[in-house]
Each structure stands twice: as C-alpha cells, then as structure tokens.
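Report on the following structure.
Just so it is clear, none of the values below were taken in a lab; they were calculated from the coordinates. Predicted, not measured: the structure shown is a model, and the values here were computed from it. For neighbour counting, all protein chains shown are included, and Cβ atoms are generated from backbone atoms with ideal geometry for every residue, glycine included.
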Amino acid sequence: MDSATRHERGLARLKELGDEPGGDAFIERMGSPMGDWLVDWVFGEVHTRDGLTARERELIIVAVLTAIGSSDPQVAAHIRALRAIDVPWQEIEETILQTAPYAGIPRAINALKVLRTEQGR
C-alpha cells in the first residue's frame, strides 16, 4: 500500500470516529513524525485492517488502555470515539469491567471514573 492511500484511509477512519482520538489540532500539535505515524500507520494501516469492525477495535483499545493504566486522556478519547459510532455507554462500561480481574481493580476504577466524566459532558 502506498503512503497516500494509508493517509487517506487514516483520515477517513478518524472522521468516522468523530476525529477522536486526536483531531486535526492534536495531530498538528504532535508534529512529524508522531502525527504522521498516528494517521498513516495507526489509523490508516492497523485500524483499517480486515477482520474487525471499528466498534470492536475501539472496545479492544479501551480495554488495553485500561489494563496498562496511566492513560486517562487516551481512554477518554477512545470513549468519545466509541460514542461517535453509537456504541452504548453500557457496552463501554462492560468492556472496562471485564478488565478488572486481569488488570486489577484500581485500573478499572480509574477507567470507570473517566467513563463517568465523559457521560456527564
């Protein structure tokens, strides 16, 4: 796949997700090469592979970010991305709750706090 195609796919996926996580201002602030990597590789290559829907990928991303911890801004952005594609709050909560036995209660609690903040926005 050529770079322009990846870039276009990445921008299209970001638009589908309501420009979350990131958006133009975030991508610009990251600058090159990080902004390019995010658009071209993360969203244009990895996020648009065959096999999983955007919904499934975003739920997995929230679970992984919850599990690794210290990622509250990214958890919030991916929650907003899930809401942009009409994933119900309850499914997002269940995804976070499923991490508790594997990643630990404190990390799940932190992600639930992020979820509650996003629900209140």
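Before moving on, here are some points about what is shown:
- Fully extended contour minus Cα-Cα distance, from I105 to T53, at 0.36 nm per residue: 15.9 nm
- For the chain, projected area of the alpha-carbon convex hull averaged over all directions, nm²: 7.5
- Using alpha-carbon coordinates, inclination of helix 54-68 to the longest axis of the chain, degrees: 60
- Label sites at A25 and S70, each approximated as a point 7 angstrom past Cα along Cα to Cβ, lie 2.7 nm apart.
- Compared with the dominant Cα axis of the chain, that is its longest principal axis, helix 3-16 is turned about 40°.
- Spin-label model distance (nm) - W41 vs A84, 7 Å beyond Cα toward Cβ: 2.1
- The angle between the Cα long axis of helix 72-84 and the main principal axis of the chain comes to about 80°, on a 0 to 90 degree scale.
- Taken over segment 1-50, the ratio of Cα radius of gyration to 2.2 N^0.38 Å equals 1.00.
- Each of H7, H47, H78 has some number of other Cβ atoms within 10 Å of its Cβ, and from fewest to most they run H7, H47, H78.
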